[in-house]
1. Please go through the stretch 23-71 and pick out each residue that is hydroxyl-bearing (Ser, Thr, Tyr), open to solvent by less than 70 Å² (accessible area, probe 1.4 Å) and within 21 Å of ALA150 (Cβ to Cβ).
2. Name the single residue that is farthest from VAL55 (Cα to Cα) among those in the stretch 92-139 being touching a Gly at 6+ places or on another chain (Cβ under 9 Å) and not basic (Lys, Arg).
3. Would you please name the residue that is most open to solvent (accessible area, probe 1.4 Å), looking only at residues in the stretch 89-113 that are more than 18 Å from VAL22 (Cβ to Cβ) and assigned to a loop (DSSP other than H, G, I, E, B)?
4. Out of all the residues in the stretch 128-155, which are open to solvent by 100 Å² or more (accessible area, probe 1.4 Å) and modelled with pLDDT under 85?
5. On the basis of being over 26 Å from the mean Cα position of the chain (by Cα), modelled with pLDDT under 85 and assigned to a loop (DSSP other than H, G, I, E, B), does ALA116 make the cut?
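The values are calculated or read from the model by the stated rules, or taken from the named source; none is laboratory data. Predicted, not measured: the structure shown is a model, and the values here were computed from it. Cβ sites come from the backbone with ideal geometry, for glycine too, and all protein chains shown count toward neighbours. Protein only, heavy atoms only, side chains kept; ligands, DNA and RNA dropped before computing areas. Shrake-Rupley method; radii C 1.70, N 1.55, O 1.52, S 1.80 Å.
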Amino acid sequence: MIRDLVFVALALLAVVPAIWVVASRNIVHAGFALLFTLLGVAGLYAFLGADFLAVTQLMVYVGGVLVLVLFTVMMTHVPSAGRRRHGLDRLVPPAVFAAAVFGVLYKVVTGVEWKAAAAPAKATTTEIGAHLMTTYIFPFEYVSIVLLAAMIGAAILIRERRPSDDDEENREAQA
């Protein structure tokens, strides 16, 4: 009974903010709702015994991707759209698509014979960590260097360019 309540709570934590992400008109609010959705998914992974996936979800998506998205949104000036469609014609295509996806998911869920797991899942984090630090150390370190280069490149690209003394002298000479 308790397990069912925990599952329902985690599922609601994943689904309700996901609806908020889609329905929100403010992109910052949508980003913060995405935070709760990703936390709910990480909780579901942990609840199902997928410890590595739960930690990866937290570190990669919540810790990295979501923070990057929120910083990008907050640093970018988004001009308001000039003309927007209002009314029912704007909602029909997404509603039809959502109904089709729901129909396919319903058919899959009801068409499969679900069996309970015989034994709890075995923890895999130790084994994966040992492989990352022994067998796959070179690709692991290579990816970290590539990510560091990408971060440095992104910082250089978003840095404001300040006019140098040469630029000011050129403007004065042209005037």
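1. Passing the criteria: only THR56.
2. So the residue we want is ALA117.
3. The residue in question is GLU113.
4. Passing the criteria: LEU147, MET151.
5. Here the answer is yes, as ALA116 does meet what is asked.
Matching residues to (1) charged (D, E, K, R); (2) under 11 Å from the mean Cα position of the chain (by Cα); (3) within 22 Å of THR124 (Cα to Cα):
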residue: VAL6; (1), (2), (3): no, no, no
residue: LEU35; (1), (2), (3): no, yes, no
residue: LEU38; (1), (2), (3): no, yes, yes
residue: ALA42; (1), (2), (3): no, no, yes
residue: LEU48; (1), (2), (3): no, no, yes
residue: ASP51; (1), (2), (3): yes, no, yes
residue: GLN57; (1), (2), (3): no, yes, yes
residue: GLY63; (1), (2), (3): no, yes, yes
